[in-house]
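Step one of this worksheet: look at the structure below.
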Amino acid sequence: MTEKVLKRLSWKPMWVTHLGCMKGCSDYLGLEIPIDWLFGGTGHAIVINIHESLCPSGPTNWNTEMLFKLSRNLGIRISRVTGYKEDLDFEEKQQEAFDLVRKYIDSGLPCYGWELEIPEYYVIKGYTDTEYIYAGVGEGRRNWRTLGISEIGVLEVCGVSPGTPASDAKVVADAIKFALEIAKTPSKWINPEFKSGPEAYSTWIKALQSGKYNKWGAAYNAAVWHECRKYAAEFLKTAKNRLQNSSSYREEVASLLEEAAAHYAIVADNLAQVSELFPFPPKGSVSSEKRRKASEHLAAAQKAEESALETLKEILKTLV
């Protein structure tokens, strides 16, 4: 039986498992992209997607197309095969996905995919004649003919190869453009039943105040979006340092990047408090007092996020 495995390939533990896979694959390729630069450069650091019930699908149930476009700025090139189990050509898509993995693995290039086990992303380390060999939140093997056949019913497999990174100024400008677009005009990226940008915090607060929310989603959303905002602050600090050493440096830009980083640090600190009040995995119900405290932290995070987005607008004006 054929079996090929990229032994050095590993998933990097992150709440955002998609970027954990991107980080693992880019490290395998020797691209040496710092995690804050990956979160920020793909725009993911400033995404938020909240359902009125705090559904745990929020962190993954949105149009991630821009991540693949922006990852090119970081020197990551991704080829994808996607499909839905109700598609008439679904079996052909399954075959196409398996063929892509074999082609990439045979060339010494890493892969990753969706829901090899639970509804998260996993690196695909190798294959046999009939299986994917995967690692992430759990590891094992999955018959390629069963991938995408689940309640969610989504097939997504990606092959990763190295490319040429863009300038630091382009990385920052393009990420900010996306951050502003998904926050202010989210209809292209966010499903109608979800909210993005500052409005997402209002939806989150309302769910906690009503007491009608998914307890798993409350904990998971808090952990994911805290991780994102933590890296948003770090990305902007890094951007300031990197642009100081480039032809794009202006004192005004440096000051604005520092200001935006400070705003996102406030968001991150408040979301860290929410995550402490709603630890993952959840254990029993959360008291009304804890929900009140969490709501206060979310209101503070919302205010800081609004200020951060205004500062990002000013940064963009000076960069483009």
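The figures follow:
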item	result
Any hit, segment 279-298, residues being modelled with pLDDT of 95 or more and under 19 Å from the mean Cα position of the chain (by Cα)	yes
Segment 69-93 - residue that is among the hydroxyl-bearing types (Ser, Thr, Tyr) and surrounded by 14 or more Cβ atoms within 10 Å (Cβ to Cβ) and, of those, farthest from residue 30 (Cα to Cα)	82
Inter-residue pairs, beta-carbon under 8 Å, first on the phi > 0 side of the Ramachandran plot and in segment 56-73, second in a loop (DSSP other than H, G, I, E, B) and among the hydroxyl-bearing types (Ser, Thr, Tyr), 6+ apart	none
Checklist (1) polar (S, T, N, Q); (2) touching a residue at least 24 places away in the same chain (Cβ under 8 Å); (3) not assigned by TED's automatic domain parsing to the domain that holds residue 301 applied to residue 143, failing item	(2)
When residues of segment 107-127 are limited to those that are more than 18 Å from the chain's Cα centre (by Cα) and surrounded by fewer than 16 Cβ atoms within 10 Å (Cβ to Cβ), the one nearest to residue 89 (Cα to Cα)	117
Out of 318, 311, sole residue that is surrounded by 19 or more Cβ atoms within 10 Å (Cβ to Cβ) and not aliphatic (A, V, I, L, M)	311
Residue under evaluation residue 94, criteria (1) touching a residue at least 12 places away in the same chain (Cβ under 8 Å); (2) part of a loop (DSSP other than H, G, I, E, B), criterion not met	(2)
Exclusive hit being in a strand (DSSP E or B) and hydroxyl-bearing (Ser, Thr, Tyr), set 71, 79, 53, 57	79
All positions within segment 128-162 that are of a type in the set (Val, Ile, Thr) and either part of a strand (DSSP E or B) or out of contact with any Ser or Thr (no Cβ under 7 Å at 6 or more places or on another chain) (or both)	128, 130, 133, 146, 149, 152, 154, 157, 160
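The values are calculated or read from the model by the stated rules, or taken from the named source; none is laboratory data. Predicted, not measured: the structure shown is a model, and the values here were computed from it. Cβ: placed from backbone, ideal geometry, glycine included. Neighbour counts: every protein chain shown.
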